[in-house]
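Following: one structure in structure tokens, then a few remarks.
The values are calculated or read from the model by the stated rules, or taken from the named source; none is laboratory data. This structure is a prediction, so every number in the text was calculated from the model and none was measured. Quick note on the areas: whole protein, heavy atoms, side chains included, nothing else; ligands and nucleic acids left out. Shrake-Rupley method; radii C 1.70, N 1.55, O 1.52, S 1.80 Å.
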Amino acid sequence: MTTSAQTVIAPVRAGAAADTATVRRKQGFQHGGWFVAPFLVLFTLFVIWPLLRGVYLSFTDANISGDSASFVGLDNYREAIQDPLMWGTLGHSAYFTLLVVPCITVLAFLLAMLAHNIERGKWLWRLCFFAPFLLPSTVAANLWQWLFNPGTGMINYVFGLDTPWLSDKSYAMLAVVICTLWWTVGFSFLLYLAALQGIPDHLYEAAKLDGANAWHRMVHITLPMLRNITGLVIALQILASLQVFDQAVVMMDFTPGPEESTRTIVQYTLEEGFTSYRVGYASAISIIFFVIIASVAVARMWLLRKREEGVR
């Protein structure tokens, strides 16, 4: 074949290959769309539509009785911003988050290190650390409600205390925090354990040859290698802790707790919507809270991107 003929045929083949690739992509998108469609339908029904409905209701005086709602503009948002109860319950949620996130991050890391490095009975340790996470929130809350009972609970009996854990505002939130740590640490523990198993062994072997002890290996190898997973654990725990509801409500027998010390923003929203029947106002509070949660998530993504750019 002459050079001129090859010159003519090559672009034709390249164009045919490009057309074939385009057709395959379109076919793959069409076939993949059928697999994604059920998720999109459910996501629209249970996430997108309730969100849009909530935004609409937040601009009305809707109530739970089903009476026709009238448009009130930004009145609900103005009231929410000036509502000391809303800011107080938001402060309780933030306080709970500040207590839980550092504790659960450190505790999950230590438990993962123990389960990863122990020689005998690894499966038993992993099961014990992760099993509480499988319990429903109501079961965990009822269990710890009994443990914290001042008369018959094991906590005061074992440690020789006489502490009114659930009836004193100084201890009520701390009791909820302890219950949450025991119940949810298993998830973060599992993330750390998986990350530890992904660290190459040759890094530790090289460090040993250089004379690094266990502390130096942890500081200069383990912690840097777990930096991304630590950021993920902190972000997930912040988002989950800000939405605390189940254990705080169940442990306090469906009350706001002593002197309303454990009433969270989610509980206050529920009370306004289903106890005071102010669906429009409750929707406005939930939208404000949603914006706060979304801002935390966006800030985390921005910091992560900045850190990756700094590494490069």
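Worth pointing out:
- From its DSSP helices (H runs of at least four residues, each -39,500 (n - 2.57)), the chain gives a residue-normalised ellipticity at 222 nm of -24000 deg cm²/dmol.
- Rounded, prolate or oblate (a/c below 1.5 giving rounded, otherwise prolate when a/b exceeds b/c) for the stretch 97-138 by Cα gyration tensor: oblate
- Semi-axis lengths, Å, the stretch 108-236, gyration tensor of Cα atoms, sqrt of 5 times eigenvalues: 36, 15, 15
- Percent of alpha-carbon pairs separated by more than 29 Å within the chain: 58 percent
- Residue with peak Gaussian network fluctuation, the chain [Cα springs, cutoff 10 Å], from Ile118, Ile285, Ile104: Ile118
- Dimensions of the stretch 33-168 from C-alpha coordinates, computed as largest minus smallest value along each principal axis and given longest first, are 64, 52, 27 Å.
- For Val47, Val185, the ranking by accessible surface with the largest value first comes to Val47, Val185, using a 1.4 Å probe.
- Geometric extent, Cα atoms of the stretch 193-243 - Rg, Dmax (angstrom): 14.1, 48
- Most mobile listed residue (Val176, Val55, Val219) in the chain, GNM with C-alpha springs under 10 Å: Val219
- Put simply, the amide H of Thr60, placed in the peptide plane, has neighbours under 5 Å in Val72, leaving out anything fewer than 5 places away on its chain.
- Over the stretch 175-306 - Rg/Rh using Cα atoms and the Kirkwood inverse-distance radius: 1.15
- Overall form of the stretch 50-102 per C-alpha gyration tensor (a/c, 1.5; a/b vs b/c): prolate
- Of the DSSP H helices in the chain, those whose Cα atoms cover at least 20 Å axially and whose Kyte score averages 1.0 or more: 84-117, 169-197, 227-242, 279-311
- For Asp61, solvent-accessible area (1.4 Å; no DNA, RNA or ligand), Å²: 70 Å²
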